[in-house]
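Undergrad: Sharing a structure here in structure tokens format.
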Amino acid sequence: MTATTEPLAATPARPVTQSFFERVRRWAVFALLAGLIVVFSLREAAFLTLPNVMSVLQAVSVVAIIGVGVTISIAVGGFDLSVGAVAASSVMTASYAMVVWHFGAAETVLFVLALGLGVGLVNAFLIVRLNVPDLLATLAVNFLLTGLQLIPTAGRSIATGLILPDGKAANGVFDPAFLSLGRTRLFDVVPLPVLIMLLVAIVAGIFTERTRFGRLIFAVGGNELAAHLAGASTGRLKVLAYGLSANLAALGGVIVAARVGRGDVSSGASLLLDAVAASLIGYAVLNARRPNVLGTVVGAIFVGVLLNGLTMLNVPYYTQDFVKGVVLVGALALTYGSARRRR
């Protein structure tokens, strides 16, 4: 009697406990985000005002767009470390095209996006054709672009009146239509970059989660050999993933150039780490434990809210990278720690 009743009495308690912790892990990021908003709102009345909320969303829009590209590269089993340099090069290229070459808005945007696609194809060629490990290939391209973007202007930032290395002055100006990409507000409230971020997130979310190509990308990332044996063209899927990643980074650079209105040589300094952090925090969103577009956007907003609140509370700027590191470590511990317990 005893041998048969004890197991039966203990069995129902285990699923209840697991279910409780599963729910905690599933909603932990959202609960922390809500807690941050409440705390910052109580400490600083201006935090939850509409202008500040829009300011936070505008600040994170570029990081989220680039982070979506990083997410797609991680989904295919790689990691694109060149996105920060692609974005910075796009800022410089867009500025150079208008100030030196007198390009219009449409020509500039198309040229920069084509450049981003070209960088993605170079990454894919190194990884797929030459079998260079993805981290090494994209890191090399990162250094290549970081140096290349400084050569045409001898390391100077780009604005009207720039003195070129040959001694001539560049007298072109930023096209107002181009600047409107970064400065226009819908109904004078919602910044256009926020709308572009939402559009990119929706399209990328549907592509990765609801289409055959999206599912094949995750299949390649999960087990490349099995995906190949099942008939998937793994090489072409990697080309697609790295092309999208670089193209979204170029789009992020276009938005930065349009918002700032000059080609600042340091404009892309933190974009790589911020985009990677947003993408990795996304692993913990809804307990996904895998790269996902929704999680990346939530991760970017989480970091943006945190940094904006700390800035409004006059927390020293030099602690912000440390805070981002703490958040990232916590998110990864939440994701991989729980996965280990389940095994």
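Undergrad: Please label the shape of the range 101-204 as rounded, prolate or oblate, based on the square roots a ≥ b ≥ c of the eigenvalues of the alpha-carbon gyration tensor (a/c under 1.5 means rounded; beyond that, a/b larger than b/c means prolate, else oblate).
TA: Working: a/c = 2.59, a/b = 1.14, b/c = 2.28.
Oblate, because a/c is 1.5 or more while a/b does not exceed b/c.
Undergrad: Pairs of alpha-carbon atoms within less than 8 angstrom and 6+ residues apart define the contacts here; what relative contact order does the range 119-271 have, in percent? Numbers along the way, then the final one.
TA: Working: 122 pairs, mean separation 50.3, N = 153.
That works out to 33 percent.
Undergrad: Mind ranking LYS238, LYS168 by accessible surface for me, highest first, 1.4 Å probe?
TA: On the way: LYS238 35, LYS168 135 Å².
From most exposed to least exposed: LYS168, LYS238.
Undergrad: Please give the charge dipole size of the chain, origin at the Cα centre, charges +1 on K and R Cβ atoms and -1 on D and E Cβ atoms. Round to the nearest 20 debye. It would help to have the intermediate numbers written out before the result.
TA: Details: 24 positive and 14 negative charges, 181 e Å.
So the magnitude is around 880 debye.
Undergrad: Using only the Cα atoms of the chain, build the gyration tensor, take square roots of its eigenvalues as a ≥ b ≥ c, and label the shape rounded, prolate or oblate: rounded if a/c is under 1.5, else prolate if a/b is larger than b/c, else oblate.
TA: On the way: a/c = 2.46, a/b = 1.49, b/c = 1.65.
Here the chain falls in the oblate category.
Undergrad: Name the shape class, rounded, prolate or oblate, that the alpha-carbon gyration tensor gives for the range 202-343, where a ≥ b ≥ c are the square roots of its eigenvalues, rounded holds for a/c under 1.5, and otherwise prolate holds if a/b is larger than b/c and oblate otherwise. Walk me through the intermediate numbers first.
TA: Numbers: a/c = 2.60, a/b = 1.36, b/c = 1.91.
Oblate shape, in that a/c is at least 1.5 and b/c is the bigger or equal ratio.
Undergrad: Let me check against my output: what whole-number percent is the relative contact order of the chain, with C-alpha pairs under 8 Å and at least 6 apart? Each step should come with its number before you reach the end.
TA: On the way: 520 pairs, mean separation 108.6, N = 343.
32 percent.
Undergrad: Right, something else. So for the chain, taking the charge dipole from beta-carbon charges (+1 Lys/Arg, -1 Asp/Glu), which of GLN58, ALA284, TRP101 sits furthest toward the positive end?
TA: ALA284
Undergrad: Can you list the DSSP H helices in the chain whose Cα atoms extend at least 27 Å along the helix axis and whose mean Kyte-Doolittle hydropathy is -1.0 or higher?
TA: Working: long enough: 13-43 (41 Å, 0.79); 50-75 (35 Å, 1.92); 105-124 (29 Å, 1.84); 234-260 (39 Å, 1.12); 293-312 (29 Å, 2.03); 320-342 (33 Å, 0.35).
Span-like helices here: 13-43, 50-75, 105-124, 234-260, 293-312, 320-342.
Undergrad: Right, here's the next one. List the residues, sorted by chain then number, that are 5 or more residues from ILE158 or on another chain and whose placed amide H is less than 5 Å from its amide H.
TA: Those lying under 5 Å, H to H, from ILE158 are GLY263, ASP264, VAL265.
Undergrad: Moving to a separate point now. Just to confirm, what accessible area per residue do you get for the range 53-101 at 1.4 Å probe, in whole Å²?
TA: In whole numbers, the range 53-101 has 16 Å² accessible per residue.
Undergrad: Ordering PHE30, PHE20 from largest to smallest accessible area (1.4 angstrom probe), what's the sequence?
TA: On the way: PHE30 65, PHE20 110 Å².
Of PHE30, PHE20, the descending order of accessible area is PHE20, PHE30.
Undergrad: Given the C-alpha centroids of the range 109-166 and the range 318-336, what is the distance between them in whole angstrom?
TA: Cα centres, the range 109-166 to the range 318-336: 29 Å.
Undergrad: Quantify, in whole percent, the carbon and sulfur part of the accessible surface of the chain (1.4 Å probe; protein heavy atoms only). Spell out each step's value before the answer.
TA: On the way: 11730 of 17170 Å².
About 68 percent, which is the carbon plus sulfur part of the accessible surface.
Undergrad: Which one, GLY295, GLY147, LEU199, is farthest towards the positive end of the dipole of the chain when Lys and Arg carry +1 and Asp and Glu -1 on their Cβ?
TA: Result: GLY295, furthest along the dipole toward the positive end.
Undergrad: Arrange the residues ARG183, ARG156 by how much accessible surface each exposes, largest first, with a 1.4 angstrom probe.
TA: On the way: ARG183 125, ARG156 105 Å².
Listed by decreasing accessible area, they come as ARG183, ARG156.
Undergrad: Can you give the relative contact order of the range 209-333 as a percent, counting alpha carbon pairs under 8 Å and 6+ residues apart? Intermediate results must be reported in sequence, preceding the final value.
TA: Details: 83 pairs, mean separation 19.7, N = 125.
RCO, the range 209-333: 16 percent.
Undergrad: Roughly speaking, what is the centre-to-centre gap between the range 283-311 and the range 234-271 when only Cα atoms are used, to the nearest Å?
TA: Centre-to-centre (Cα) distance: 19 Å.
The values are calculated or read from the model by the stated rules, or taken from the named source; none is laboratory data. None of these values were measured; they are calculated from a predicted model. Backbone-built Cβ (ideal geometry, glycine too); neighbour counts: all protein chains shown. Just so you know, the surface numbers come from the protein's heavy atoms only, side chains and all, with ligands and any DNA or RNA stripped out. Shrake-Rupley method; radii C 1.70, N 1.55, O 1.52, S 1.80 Å.
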